[in-house]
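Worksheet: one structure, shown below.
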Protein chains: 2
Amino acid sequence: MTEPRTNGKRLWQSLEEMAKIGPGVAGGSRRLALTDEDKAGRDLFCDWAREAGCEISVDAIGNIFARRPGSDADAEPVMAGSHLDTQPTGGKFDGVFGVLSALEAVRSLNDHGIATRRPVEVAVWTNEEGSRYQPAMMGSGVFTGEMKLEDIYGMTDAAGLRLEDELERIGYKGGLPAAPRPIHAYLEAHIEQGPVLEADGKEIGIVTGIQGIKWFKGVLGGFNAHAGTTPMEVRRDPLVGAGRMIDAIDRVTRAFRPDAVSTVGEFSVEPGSINVINAEVRFSLDLRCPEDAALIELEGKVRAACEEIAGEMGLALSLEEIWFSPATAFTPNVVDAVEQSALKLGYSARRIVSGAGHDARYLADICPSGMIFIPCKDGVSHNEAEHIEPEQAEAGANVLFHTILTLAGN
Amino acid sequence: MTEPRTNGKRLWQSLEEMAKIGPGVAGGSRRLALTDEDKAGRDLFCDWAREAGCEISVDAIGNIFARRPGSDADAEPVMAGSHLDTQPTGGKFDGVFGVLSALEAVRSLNDHGIATRRPVEVAVWTNEEGSRYQPAMMGSGVFTGEMKLEDIYGMTDAAGLRLEDELERIGYKGGLPAAPRPIHAYLEAHIEQGPVLEADGKEIGIVTGIQGIKWFKGVLGGFNAHAGTTPMEVRRDPLVGAGRMIDAIDRVTRAFRPDAVSTVGEFSVEPGSINVINAEVRFSLDLRCPEDAALIELEGKVRAACEEIAGEMGLALSLEEIWFSPATAFTPNVVDAVEQSALKLGYSARRIVSGAGHDARYLADICPSGMIFIPCKDGVSHNEAEHIEPEQAEAGANVLFHTILTLAGN
């Protein structure tokens, strides 16, 4: 039996069409949440969904749900989606691929004349990127009860514009409550935003979960002195200490597990003068691991290494946790359904843990959830150079389509 | 025989009196070059020097020479001095001690009725600090021919005021050419501005020279990527590379020689975001060593260590030399005269190399030169907290006085 497929050409055309709205300056997209460009993107999606026979509803935080009815009117829906907003200099596929591959699945159900038992809903979550309004993943955060609607309404952008006002202005402050409701399963297709699938030559990533993340703020104090007159043996140079710590954090993480990552991203020195030994160094630390217990164990090893260095060098170290996002394990039957779909369609696939956050992170708190990754060129994302090939998009849409078929039943 | 001494109480009173001109906000001084405060400090010095029987002359760059005649009218003078300008939040002794201890030596010659064969001149060099007008050590630089008078006249401060105009305004654009002339020897007493003498319990530092200095600008390029989705084994993180380099530079310097120093002072990362692996790191490197050959050897070791790390990690390293100030060796007979004076007076003393630059750096190019260091509290300088005790000042002045006696003859 030949398995039904999505229409890869139509999907690619839709991706290209959407990318014309809020074009970037270097081939990517600039469609910041709740701007005129976001409105135009949403409007285009709604037109397409209506043409595909869907009923549109919008909730109080602007999340859009395009529903294709099922044969059982009382059945909980299978939902698939992602987001249409982009980074300021974002790519054409981050988020957009998840929304339009879900729409393509609905269109393909129509093409093949397939009636599912459960309704199928395509979801567009508001402001996943968090570029214009913080925090990120706001639409799914409010929908799942992770964030309070009133708090989020009051957020302002850099120009002082309130989020609620902007939502009304673009016509997407909807009547539906932004609150959890029964969902049979949530699926999100997404570009990997990392290099693993490409390096491994795999077409599909079966996402088993999202890494736990801890962020820390580090301050390392030493003794400010003259670079020329202070012998090495009496120095307490916090930049030398920080250099050793960054090296140690890197080595500890590599030795810990192959799927753990650590990054020092922010880094500044004070006073930062060419002929002065610095007084203080400030840095951020981002630790990620697929399981919380392992993440906490890694944190312990990193702390021990840093404290040993600070002690040896007579430096004052403070390493304060500023954020903890627990690890998410996706639901086994949803993960298995993704795997079976990839297998059935003959795609090369591997299990993978998402290193980045996604709307599926919050959805997993209220319903069985899973994700499908496709490779992206050089792992580059959050960049206008973000790139995928049409056949990669088609493979992801086909796996999403078949996973929906499995979960929505007939 | 009891050796004649300076008057420590008078010296201390003069230091305190001078510090009242341009007082700082935290117990130090703020007497920036060619300001009204600088003029007032210069005027006070000239009054005191005239009272001590000196003849004042001022050269075209504002250097002041207060001359006490010798018995041989044709003999080349022995000159001692330093500077009266301070850092914006400077101490009361940096520079000032060198000028006023030289003045105290002249006063003591008078007290003891000593006629020297050679004239003794007290020099006040213009703008040693370089805080208001760059470069630093400007008066001695022009005097010794290291800098061109016309270039320096055209320099402007942050408010756009030309140096020549400010020199005229305060009445210190003198008639004497700012050009080398025969000098038998130049002496400069100064606070150490480092912790060595204090830690070693020595009252006097017999300065054998000034370290050679090389400054470098480092740029280290890696690959900008997502902190969550990029496995450790594929990263090319320039901050981890820079951390290893800073550690390696520190270790290489310590292993090289106890009197070599290396400092990374400026340091910045790009883009510097908490969840992004940086693309680029920029840093400064300051290397110092008492001899140029050793400095160049150290540079080679540091470069080799950094290049090895860059090579292993796939990072692009550029380490560009931006300044080289060759090492200065003071004249053996002057250094010996300082040592003999300290010995004769019973002070604990040690040889030391200056880590910082001083006017003596330029004077050494045109005449036999040497320096005398006294300890300062915790090695702190260029700070209003800079501190010395009256007896420390007196010890330095006594050694300067006796070194002048030796060199000026009778």
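A short reminder: the numbers here are calculations on the coordinates, not readings from a lab. All values reported here derive from a predicted model rather than from experimental measurement. All Cβ positions, glycine included, derive from the backbone under ideal geometry; neighbour counts span all protein chains shown.
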Degrees separating the helix A:390-408 axis from the principal Cα axis of chain A, which is the longest one: 70 degrees
Euclidean distance of C-alpha centroids, segment A:52-115 and segment A:142-208, integer Å: 13 Å
Residue mean of other protein chain beta carbons inside 10 Å, A:234-241: 5
Between segment B:356-400 and segment B:230-309, the alpha-carbon center distance in angstrom: 32 Å
Gaussian network model of chain A, springs between alpha carbon atoms under 10 Å - residue of A:E391, A:E164, A:E291 with greatest fluctuation: A:E391
Student exercise, segment B:138-266 dipole from Lys, Arg, Asp, Glu Cβ charges, in Debye to nearest 20: 520 debye
GNM flexibility winner over chain B from B:S71, B:S262, B:S82 (Cα, springs under 10 Å): B:S71
Relative contact order (%) - criterion: Cα under 8 Å, at least six apart; region: segment A:212-325: 46 percent
Bridge type composition, chain A - antiparallel percent by DSSP, nearest 5: 70 percent
Relative contact order [Cα under 8 Å, 6+ residues apart], segment A:258-410, whole percent: 17 percent
Shortest-first distances to equivalent copies, position B:W323, nm, label 7 Å out along Cβ: 4.0
Segment A:176-318 - Rg and Dmax from Cα coordinates, angstrom: 20.7, 70
Pairwise FRET efficiency - A:E51 versus A:E389, Cβ, R0 = 35 Å, nearest 0.05: 0.85
Length-normalised contact order for chain A - Cα pairs under 8 Å, 6+ apart - percent: 24 percent
Listed residues A:S14, A:S284, A:S29, most fluctuating in chain A (Gaussian network, C-alpha, under 10 Å): A:S284
Per-residue mean of C-beta atoms belonging to partner chains within 10 Å, peptide B:255-263: 4
Residue-averaged [θ]222 nm for chain B, counting only DSSP H segments that reach four residues, each worth -39500 (n - 2.57): -11000 deg cm²/dmol
Candidate lysines - alpha carbon under 26 Å from B:K92, same-chain residues fewer than 8 apart omitted: B:K9, B:K20, B:K39, B:K173, B:K202, B:K377
For the axis carrying chain B to chain A: nearest C-beta residue of B, whole Å: B:G243, 2
Calculated label separations, B:R254, copies of the chain, 7 Å along the beta-carbon direction, nm: 2.2
Reachable aspartates and glutamates from B:K217, criterion Cα separation under 15 angstrom, eight or more residues apart if same chain: B:E266, B:E280, B:D286, B:E299, B:E307, B:E320, B:E321
Using alpha-carbon coordinates, inclination of helix B:8-19 to the longest axis of chain B, degrees: 60 degrees
Relative packing of A:226-238, A:395-407, which averages over residues the other C-beta atoms within 10 Å, highest first: A:395-407, A:226-238
Most to least packed among A:87-96, A:299-308 [average Cβ atoms within 10 Å]: A:87-96, A:299-308
Cα-based helix-to-principal-axis angle, A:36-51 vs chain A, degrees rounded to 10: 30 degrees
